[in-house]
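Here's the structure, in structure tokens; my notes come after.
The values are calculated or read from the model by the stated rules, or taken from the named source; none is laboratory data. Model, not experiment: these values are computed from the prediction. Here the Cβ positions follow ideal geometry from the backbone for every residue, glycine too, while neighbour counts run over all protein chains shown.
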Amino acid sequence: MKFKRGKMLIDPPACASSDIAFTLIIFFLVCAAVQPETGMSQALPKTEEKSEKREQSQNLEVSITPTSIILNGSPLKPDEFATRIAAALKAKSRDTDKIVVVKSAPQTPYPLWLAVSQAIDDAGGILTLELESEKTIQVR
Amino acid sequence: MKLPRKKLTASVPAFAMGDIGFLLLIFFVILARAQDDSHIQWEPARMDDVKMAASPLATVTIDAGFKTYLDGKEIAPQEIAGRLTEILGDSPAGQRNVFLKVHKQSKATHFEPVIAAISEAGGDLIHILEPEGETNSK
């Protein structure tokens with residue numbers, strides 16, 4: 001005579017499911033935190049307000065518009081700018097002379113501004129922003 | 001004759017520990033996300049020469065709608081300098097990293113006042129960019 005073998009139930013223990021979820025969360029958190037960020041650091045001198053009266057300086061001046069880059073009054077193409085600014089800064093030995101004043105048109109796109117600032121950095125220049133401040137004057 | 005009273009044991013069920021841990025973790029994750037800026041929609045500009053950025057003390061973001069955020073919270077550009085000065089405190093130079101995340105279609109009117117504010121607060125500015133060739137948007 002043969003005895004029937006009873007079927008064995010293999011249920012995973014329910015109390016372990018929360019531990020599994022806990023471990024999964026830790027795994028995804030670690031994955032999310034590890035994603036590194038890349039970028040470009042930029043040294044900027046501390047901002048200070050300057051009155052309209054400016055001293056006669058020997059600093060280079062760069063104006064950026066959406067379509068052109070103007071170095072000391074002469075318009076240049078973006079690929080030309082890097083070589084011209086490097087040549088202009090090579091002649092300067094003092095740190096104060098290496099300051100490059102950058103003035104941007106309001107519609108200047110960010111990628112173009114970045115390219116100009118990187119070219120100035122690479123050439124050893126010290127980038128300084130010239131911003132126009134707005135003042136509201138009430139006229140009676 | 002005195003009958004001994006049966007002692008009642010009040011033990012915490014051990015299998016509940018996993019659930020308690022799980023809930024605590026959810027709590028801390030939500031707390032951490034309050035300072036997170038992953039909900040902000042922006043696309044980084046691309047550049048050839050980018051380096052790994054060190055961890056920041058603060059993050060300023062300009063999103064696709066050209067709104068400004070400081071550590072994930074919306075802020076007016078003119079308030080950034082003051083708030084950053086508080087956050088950066090007396091941290092020594094070189095450890096005052098401020099991440100600047102600018103949407104690639106932003107114009108000078110949007111990002112220049114922010115850069116000036118970071119500079120005014122004495123932050124070490126790091127532009128967050130994508131290496132040329134990668135295509136994933138944030």
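Screening the candidates B:102, B:60 for the property of being buried (at least 21 other Cβ atoms within 10 Å of the Cβ), farther than 20 Å from residue A:45 by Cα and among the β-branched types (Val, Ile, Thr) yields one hit, B:102.
Residue check: is residue B:108 over 13 Å from the mean Cα position of the chain (by Cα), under 25 Å from residue A:111 (Cβ atoms) and free of Cβ contacts under 8 Å to residues at least 60 places away in the same chain? Talk me through it step by step, then tell me what you get.
Values: over 13 Å from the mean Cα position of the chain (by Cα): yes; under 25 Å from residue A:111 (Cβ atoms): yes; free of Cβ contacts under 8 Å to residues at least 60 places away in the same chain: yes.
Yes.
State yes or no: is residue B:124 acidic (Asp, Glu) and within 13 Å of another protein chain (Cβ to nearest Cβ)? Criteria met by residue B:124.
Could you pull out the residue among B:93, B:64, B:117, B:54 that is in a loop (DSSP other than H, G, I, E, B) and either closer than 13 Å to residue B:43 by Cα or touching a Pro at 6+ places or on another chain (Cβ under 9 Å) (or both)? Even if it seems obvious, please write down each step before you answer.
Numbers: B:93 fails: either closer than 13 Å to residue B:43 by Cα or touching a Pro at 6+ places or on another chain (Cβ under 9 Å) (or both); B:117 fails: in a loop (DSSP other than H, G, I, E, B); B:54 fails: either closer than 13 Å to residue B:43 by Cα or touching a Pro at 6+ places or on another chain (Cβ under 9 Å) (or both).
Just a single option satisfies the conditions, and that option is B:64.
So in the range B:105-120, with the set limited to residues that are surrounded by 21 or more Cβ atoms within 10 Å (Cβ to Cβ) and more than 7 Å from chain A (Cβ to nearest Cβ), which one is farthest from residue B:89 (Cα to Cα)? Among them, the one singled out is B:114.
If I filter the range A:34-67 down to residues being over 21 Å from the mean Cα position of the chain (by Cα) and among the small types (Gly, Ala, Ser), which single residue comes out as modelled with the lowest pLDDT? Taking the candidates together, the pick is A:51.
Residue count for the range A:76-116 satisfying the condition of being away from chain B (no Cβ under 14 Å), under 30 Å from residue B:43 (Cα atoms) and surrounded by fewer than 19 Cβ atoms within 10 Å (Cβ to Cβ): 4.
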